[in-house]
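Okay, structure first, notes after.
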Amino acid sequence: MVVKVDGKLETKFVDGLDERLKCPICKSIFDEPWQTSCGHRFCGNCLELLLGSENARCPIDNEPLSRGQSFRDKCCEREVLSVQCFCQFNDKGCEWKGELRQLELHNFSCQYGDVKCQACNETVERRYLKVHKNRDCINRHEACTYCGGEVLHRKMKEHLNVCVKFPIGCILNCGEKCIPRDMMEEHLTARCLKAEHMCPFSVHGCAFQGSKQIIDQHVADDIESHLEMMNHSSHKCGEKTKQMEEKICRLEREKSALEHQLQNQEEQVATTRKNIKTQQTKLSHVENSIIEQKRATEKLLADLKLAEATRTNGAITSSQIEEIINTLREHGMEVRSLQGEVARLKLSPAAPKGASDYRPKSGLSLASEYERRLDRNEHQLALHDIQLSEQDMQIQMLEATSYNGTYIWKIDRYSLRFQEAVAGKTLSIYSPPFYVGRFGYKVCARLYPNGDGIGNGTHMSLFFVVMRGEYDALLPWPFLLKVHFRLTDQERIRDAYDAFRPEPNSSSFKRPTSDMNIASGCPTFISHMELRQGGYIRNDTMFIKITVDTCGLQGDVWQ
């Protein structure tokens, strides 16, 4: 017998359903049975419907009903929950059976029950969920056959259009096939018959360039001119070598002169040290004399006190007292004279006796003095250059600064910047700073012409930098505004575009504690091949538009 539990689940009972356990109103097994004052039982919800009507009466014996005289029948409820039943998916093959109270718990683990795939929201039986995730789900991850990266199944075609390991034919149609996308640059440089190459004698001044076949023919036809170039180049190298040899000889002569001056200075230092020792000896002698004079003075003072003490006895005459005082004065004058000599010796300890006009030289050579002056002048020039650069930068910033969160960055001499990046001289360049609002965030862009990170050598990388601004204390942190990059196609066919939303936990978007945070953005913004093929660079100049999405920002700070 099949009945409904909670009006939802169809349940088949093992031994059928006893009529005593059926609700007289809904004809289903009791759900929270209640017993009325007349002794009949009803489901809790069914009884509520009866009591909600006027003059509620029992549908069986027409006795009046009231909520106060009804109670929940726990005994009947235990009997209901003990009834043996099958799984609701018994017809699909589930062999579970047990008490009704365990049915709901079983439904959460029944392999024949329906569940939703979290990736695509498709409903499948629980036993087939794993197979669905691995084989049928449109949002499942698959490994790319070429690069091995994890890609969503529904985006595999899009991935193959940009996969760096996907094999493609030569873009110059030289005939070679199955070239990995990231090896195309190497193919064009080393093997492509239609790619243009520099003449191998370009280091000697030959400016000819062409395909490999044309270059080979050029080398065979212009041997004589190449020999002349090599001869001219060798002649220049010889002249430079001669100039270098002359410079080396001049430096060696200067070195010898400086060594001679240093030797003279060392002799003068040795003489000065000897004079200092002599003066120190004299100084020690004078100090010893002073000590002796002090002792004699102290003795005379003691005699004078003794004389004054015995004066009343008439043992010492006034003439003797005067003699002692005069002696004391002479000793005082000698002490002052010795003290003056000590002070003079301390002020000029290295002056030899009989040569008061002698002045010892410092131990440094004239060359050292010249070097110090030259370094000082170079330092002043460097400071001057730095000040000029800073003023020039400030002028550029004032001319180009934007306050609405949008900045168009003009990058000229791109080929030179790309060559410097490839050579490792200048890996990246910064745009002038601009602002997101009149008193908002201070930001700029950072460009790696030869790529950075996973885009190194294959792509142009473009990043966004949050800088320390004047109004950071008034702004919300971290920086969470969406950033858009657009490389303008100057032929107006198709711009290169990318965007990203900042990661709240990244240190790149927290309030800056230094001049600028770590750059973050798009390491594979555009490949070198796409950049070369499109109309993005004209007259060796490109334009990049950086836009910060300010939708939803309100207040005077952003005006």
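See the values below:
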| quantity | calculated |
| --- | --- |
| Count of region 106-139 residues which are hydrophobic (A, V, I, L, M, F, W, C), surrounded by fewer than 13 Cβ atoms within 10 Å (Cβ to Cβ) and either part of a loop (DSSP other than H, G, I, E, B) or modelled with pLDDT of 90 or more (or both) | 2 |
| Count of residues meeting criterion [assigned to a loop (DSSP other than H, G, I, E, B) and open to solvent by less than 70 Å² (accessible area, probe 1.4 Å)] in region 55-82 | 8 |
| Filtered residues of region 92-105 (kept if within 24 Å of residue 30 (Cα to Cα) and surrounded by fewer than 16 Cβ atoms within 10 Å (Cβ to Cβ)) | 98, 99, 101, 102, 104, 105 |
| Filter pass, residue 183 being closer than 24 Å to residue 132 by Cα and not in a loop (DSSP other than H, G, I, E, B) | no |
| Residues located in region 456-510, provided they are farther than 30 Å from residue 184 by Cα and among the hydroxyl-bearing types (Ser, Thr, Tyr) | 471, 506, 507, 508 |
| Evaluation of residue 242 against (1) among the basic types (Lys, Arg); (2) assigned to a helix (DSSP H, G or I); (3) touching a Ser or Thr at 6+ places or on another chain (Cβ under 6 Å) (one fails), failing number | (3) |
| Those residues of region 169-189 which are open to solvent by 60 Å² or more (accessible area, probe 1.4 Å) and of a type in the set (Lys, Arg), in sequence order | 177 |
| All positions within region 414-440 that are among the hydroxyl-bearing types (Ser, Thr, Tyr) and either free of Cβ contacts under 8 Å to residues at least 24 places away in the same chain or part of a strand (DSSP E or B) (or both) | 426, 430, 435 |
| Every pair of residues 6+ apart whose Cβ atoms lie under 9 Å, when the first sits in region 24-35 and is over 14 Å from residue 79 (Cα atoms) while the second is open to solvent by 40 Å² or more (accessible area, probe 1.4 Å) and in a loop (DSSP other than H, G, I, E, B) | 24/40; 24/59; 24/60; 25/59; 26/7; 28/6; 28/7 |
| Leading residue by the ranking (most open to solvent (accessible area, probe 1.4 Å)) among those in region 208-228 that are within 30 Å of residue 179 (Cα to Cα) and aliphatic (A, V, I, L, M) | 214 |
| Any hit, region 142-162, residues being closer than 30 Å to residue 44 by Cα, in a loop (DSSP other than H, G, I, E, B), modelled with pLDDT of 85 or more and not aromatic (Phe, Trp, Tyr) | no |
| Where a residue in region 460-481 is farther than 19 Å from residue 551 by Cα and its partner, wherever it lies, is of a type in the set (Val, Ile, Thr) and open to solvent by less than 20 Å² (accessible area, probe 1.4 Å), with Cβ under 9 Å and at least six apart | 460/526; 462/526; 462/544; 462/546; 465/443; 467/443; 469/443 |
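Conditions (1) open to solvent by 90 Å² or more (accessible area, probe 1.4 Å); (2) within 30 Å of residue 174 (Cβ to Cβ); (3) at pLDDT below 80, marked per residue:
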position: 230; (1), (2), (3): no, no, no
position: 249; (1), (2), (3): no, no, no
position: 255; (1), (2), (3): yes, no, no
position: 264; (1), (2), (3): no, no, no
position: 282; (1), (2), (3): no, no, yes
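The values are calculated or read from the model by the stated rules, or taken from the named source; none is laboratory data. Predicted model, so just to flag it, every value in this text is computed and none were measured. Methodologically, a virtual Cβ is constructed for each residue, glycine included, from the backbone with ideal geometry; neighbour enumeration extends over all protein chains shown. These area figures cover heavy atoms from the full protein model, side chains too; ligands, DNA and RNA do not enter into them. Shrake-Rupley method; radii C 1.70, N 1.55, O 1.52, S 1.80 Å.
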